[in-house]
Amino acid sequence: MQTAKTVTVGTMESSDIMITLKPNASGITIDLDSNVKKQFGAHITALMTEVLQKLGINDIAVEAVDKGALDCTIKARTIAAAYRLQGKTDYDWEALNSWNV
Amino acid sequence: MVENKLKREIPAKYADQYGVYDGEFAHIDSYQAATKTIKPIKPNESKLLGSIHEAIVKTGLKDGMTISFHHHFREGDFVMNMVLAEIAKMGIKNLSIAPSSIANVHAPLIDHIKNGVVTNITSSGLRDKVGAAISSGIMANPVVIRSHGGRARAIASGDIHIDVAFLGAPSSDEYGNINGTKGKATCGSLGYAMVDAKYADQVVAITDSLMPYPNTPISIPQTDVDYVVQVDAIGDPDGIAKGATRFTKNPKELLIAEYAAKVITASSYFKNGFSFQTGSGGAALAVSRFLRQTMIDEDVKASFALGGITNAMVEMQKEGLVDKLIDVQDFDHPSAISLAENADHYEIDANMYASPLSKGAVINQLDIAILSALEVDTDFNVNVITGSDGVLRGASGGHSDTSAACKLSMVIAPVVRGRIPTIVDAVTTVVTPGSSVDVVVTELGIAINPARQDLVEMFKDLKVPQLTIDDLKDKAYAITGVPEKIEYGDQTVALIEYRDGSLIDVVKNV
């Protein structure tokens, strides 16, 4: 889906990630700033891409400032950002929960 | 490339020059101690000079020489920056510097490296900005990282020959009798500086508190000092204690400390007359708090505490729980005060503290050591020098010395820090070999080195969760994921000497 909105979630606290979603003409682009980029940068980018795609967002520019967040945090912040971007509040808990295998 | 005993690859050029690590006590051999050149002082001659500039001129410092500093002022040090600024202004180049360690406050060093003033460095540690700059490859020659005992050995054996030592002196008289317990910037023990004073060809005492002759107590005697310079300030007293932590409220650190104290008090070493060394980190200080309580409850007293002295140890001595404090360095002001006032708080030099080539260091008499770690791997090897991103940011300190020599060495660390696993497959850089590490203590429980079956037996009924080191690593990776391997360049930016002078690892540029 396309949207003109920009949303930001998260904080700059350690073990958190601040994610900003902005409109993008085509595809998912991720600009990641992370204190663990060398060790986990590719993993974090792949994880955010996967979550966004699962929520039907395929054209978006992501700016993320990561302070060593764990996967659970990164997923939760990405989901929250995606829902907020889409203006949705009807959280599909069952579907979200099914990702946690 | 030469592979050492820990399967770390050492470039042939450095392997030839230094030798490679081949076991904790493989290179402990007889040797001829280093000598120095002495310029005698006649009656009626004065040692007092007007400025650092004049001292540099008088010592005849020139291109290619080696100069040294001590790090007793820690983050409050003004001396190294002051001296190097003057040297740079005078156009002297190509110097080797041999400070006992380097702190964040020494960031101006980066420019001196870039301008060719400093071309070789040996140090215990390298902190944030300087560490990052050196990791990026700004030096042609690698930094040589030495432990505190290893540095004392290198100076005593002549591996480091100091032409001029510029020693910050909290107080000195005009004839060079120095101590660290009087003056404006008191740092307490001068343990690291005492070695420099003994072996350097020339010693310049730089003080902001000139005392009437004779200045006592005498930590560094007039017979080791050539010149005395008075300046406005040698250090910021607040900076000396910077980084020394207060009692932690972090539940993870408290749990680690509680487990560590249980290991100590359940060990056969915990009896009247035992000895211990803790560090200055939050968890280490908490260990001494828990230990103190059990010592009171079970009426057990220690013969000595060694270090790296903190106020926590000073208070235990005042309570009569510890007989003597053996002090190579002080981490806070109350410890410096105690050194001045208390006859059973005794100052020693780094040679006596930890040198593997002395006639027996104090650590050889030590029962229990509490040590920290940036990383521990499944072979129990410990890294305290590079971050998991491969960047130099820590310090070797007394880690490899103490753990090799004491009877029970305990490494305390959380399983993860943020997203960084602490227990890993292979440490980024080895500083201390796994054979020196007896017990790893984390918030999830302890792992005993299987090489110490006596400890496995000793702790079989201990009420602390016990895991294998592989279990701890798996638990860490389950939380953080498996980190990608760091991509290094081809340039060697640091050589990690083991305490005996052989190379235990190298650090490449990133």
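Read the figures in this text as sums done on the coordinates, not as results from a lab. This one's a predicted model, so the numbers in the text were calculated from it and none came from an experiment. Positions of Cβ are backbone-derived with ideal geometry, glycine not excepted, and every protein chain shown enters the neighbour counts.
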Exercise. Counting only residues 5 or more places away or on other chains, whose amide H sits under 5 Å from the amide H of residue B:160 once H atoms are built in the peptide plane?
Worked result: B:155
For this session: Can you tell me what the convex hull of the Cα atoms of the range B:195-326 projects to on average, as an area in nm²?
Result: 10.8 nm²
Seminar exercise, completed: If every Lys and Arg gets +1 and every Asp and Glu gets -1 at its Cβ, then about the Cα centre the protein assembly as shown yields a dipole, in debye to the nearest 20, of 560 debye
Exercise. How much FRET efficiency would the formula 1/(1 + (r/R0)^6) give for residue A:8 and residue B:128, where r is the Cβ-Cβ distance and R0 is 30 Å, rounded to 0.05?
Worked result: 0.55
For this session: Take the Cα atoms of the range A:27-101, build their convex hull, and give its volume per residue in Å³.
Result: 87 Å³
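Under 13 Å from the Cβ of residue B:426, count the other residues' Cβ atoms, weight Lys and Arg +1, Asp and Glu -1, and hand me the total.
That works out to -3.
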Problem set entry | residue B:457 versus residue B:39: modelled label distance in nm, points set 7 Å from Cα along the beta carbon direction | 6.3 nm
For this session: Return a whole-number percent for the relative contact order of the range A:7-90, with Cα pairs under 8 Å and 6 or more residues apart as the contact set.
Result: 44 percent
For this session: Report the residues of the range A:46-68 in range of a label on residue B:482: point 7 Å along Cα→C-beta, backbone N strictly under 20 Å from it.
Result: A:46-48
For this session: Please report A:89, B:216 as a ranked list, fewest other C-beta atoms within 10 angstrom at the top and most at the bottom.
Result: A:89, B:216
For this session: Determine the shielding of peptide B:418-430 by partner chains: average, over its residues, the number of Cβ atoms on other chains within 10 angstrom of each Cβ.
Result: 2
For this session: Could you pull out every residue, at least 5 positions away or on a different chain, whose amide H is within less than 5 Å of the one on residue B:345? Hs are placed 1.01 Å off N in the peptide plane, and Pro or chain starts have none.
Result: B:325
For this session: Just rank B:468, A:45, B:432, fewest to most, by other beta-carbon atoms within 10 angstrom.
Result: B:468, A:45, B:432
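For chain B, what ratio Rg/Rh do Cα atoms give with a Kirkwood hydrodynamic radius?
0.96
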For this session: List every residue whose amide H lies under 5 Å from the amide H of residue B:143, counting only residues 5 or more places away in sequence or on a different chain, with H placed 1.01 Å from N in the peptide plane.
Result: B:494, B:495
Problem set entry | Translational D in µm²/s for the range B:1-82 (Stokes-Einstein at 25 °C, 0.890 mPa s, Kirkwood Rh from C-alpha pairs) | 136 µm²/s
Problem set entry | Cβ crowding within 10 Å averaged over residues, with B:168-176, B:64-72 ranked highest first | B:168-176, B:64-72
For this session: Work out the length of the dipole vector of the range A:36-88 about its Cα centre, built from +1 on the beta-carbon of each Lys and Arg and -1 on the beta-carbon of each Asp and Glu, and round it to the nearest 20 debye.
Result: 140 debye
For this session: Convert each backbone phi in the range B:428-441 into a coupling constant with the Karplus relation 6.51 cos²θ - 1.76 cosθ + 1.60 (shift: θ = phi - 60°), then list the ³J(HN,Hα) values in order as whole Hz, x for Gly and Pro.
Result: 4, 9, 8, 10, 10, x, x, 5, 8, 9, 9, 9, 9, 10
Problem set entry | Karplus 3J(HN,Hα) series, Hz, for the range B:146-151 with 6.51 cos²θ - 1.76 cosθ + 1.60 (x for Gly, Pro) | 10, 6, 4, x, x, 5
Problem set entry | Peptide A:23-36 - average C-beta neighbours from other chains (10 Å radius) | 1
Exercise. Angle, helix B:251-266 long axis vs. longest principal axis of chain B, Cα atoms, 0 to 90°, nearest 10?
Worked result: 80 degrees
Exercise. Hey, can you rank B:129-140, B:42-53 by average C-beta count inside 10 Å, highest first?
Worked result: B:129-140, B:42-53
For this session: Sort B:228, B:20 so that the residue with the fewest other Cβ atoms within 10 Å of its own Cβ comes first and the one with the most comes last.
Result: B:20, B:228
Problem set entry | Potential extension, residue B:54-residue B:3 segment - 0.36 nm per residue separation minus Cα distance | 13.5 nm
Problem set entry | Where the Cα pairs of the range B:428-467 fall when distances are cut into 10 Å bins, in % | 28, 51, 19, 2
Exercise. To the nearest 0.05, how large is the calculated FRET efficiency for residue B:268 and residue B:184 if R₀ is 60 Å and r is the Cβ-Cβ distance?
Worked result: 0.80
Exercise. Pairs A:75/B:475; B:249/B:463; B:13/B:485; B:114/B:182; B:271/B:475: which are spaced more than 27 Å apart, C-alpha to C-alpha?
Worked result: B:114/B:182; B:271/B:475
Seminar exercise, completed: The local net charge around residue A:7, scoring Lys/Arg +1 and Asp/Glu -1 for residues other than residue A:7 whose Cβ lies under 10 Å from its Cβ, equals +3
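Using alpha-carbon pairs under 8 Å, 6+ residues apart, how would you state the relative contact order of the range B:251-494 in percent?
18 percent
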For this session: Just the ratio, please: alpha-carbon radius of gyration of the protein assembly as shown over 2.2 N^0.38 Å, N its number of residues.
Result: 1.05
Exercise. Do any GluC sites (Glu not before Pro) in the range A:1-77 lie in a DSSP loop with no more than 13 other beta carbon atoms within 10 Å, and if so, which?
Worked result: A:13
Exercise. Which percent of Cα pairs goes in each bin when the distances of the range B:251-494 are cut into 10 angstrom slices starting at zero?
Worked result: 8, 32, 36, 19, 5, 0
Seminar exercise, completed: Extend 7 Å from the Cα of residue B:63 along its Cα-to-C-beta direction; within the range B:80-109, residues with backbone N under 12 Å of that point are B:91-95
Problem set entry | Value of relative contact order over chain B, rounded to a whole percent, pairs C-alpha under 8 Å and six or more apart | 17 percent
Seminar exercise, completed: For the range B:57-74, in residue order, the Karplus 3J(HN,Hα) values (coefficients 6.51, -1.76, 1.60; θ = phi - 60°; whole Hz; Gly and Pro = x) are 5, 4, 6, x, 4, 9, 3, x, 7, 10, 10, 9, 9, 10, 10, 5, 7, 6
Seminar exercise, completed: Between the modelled labels at residue B:425 and residue A:42 (7 Å from Cα along Cα→Cβ) the distance in nm is 1.3 nm
Problem set entry | Residue among B:322, B:345, B:360 farthest towards the positive dipole end of the range B:280-363, charges placed on Cβ | B:360
Exercise. Sorted by packing (mean other beta-carbon atoms within 10 Å per residue), highest first, where do A:79-85, B:353-359, B:494-500 land?
Worked result: B:494-500, B:353-359, A:79-85
Exercise. Of all chymotrypsin sites (Phe, Trp or Tyr not before Pro) in the range B:1-50, which ones are in loop regions per DSSP and have a Cβ with at most 14 other Cβ atoms within 10 Å?
Worked result: B:25, B:31
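Within 10 Å of each Cβ of B:191-200, how many other protein chain Cβ atoms are there on average?
The shielding value for this peptide is 0.
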For this session: Mind giving me the nanometre distance, one decimal, between the label points for residue B:16 and residue B:242, set 7 Å out from Cα along Cα→Cβ?
Result: 4.3 nm
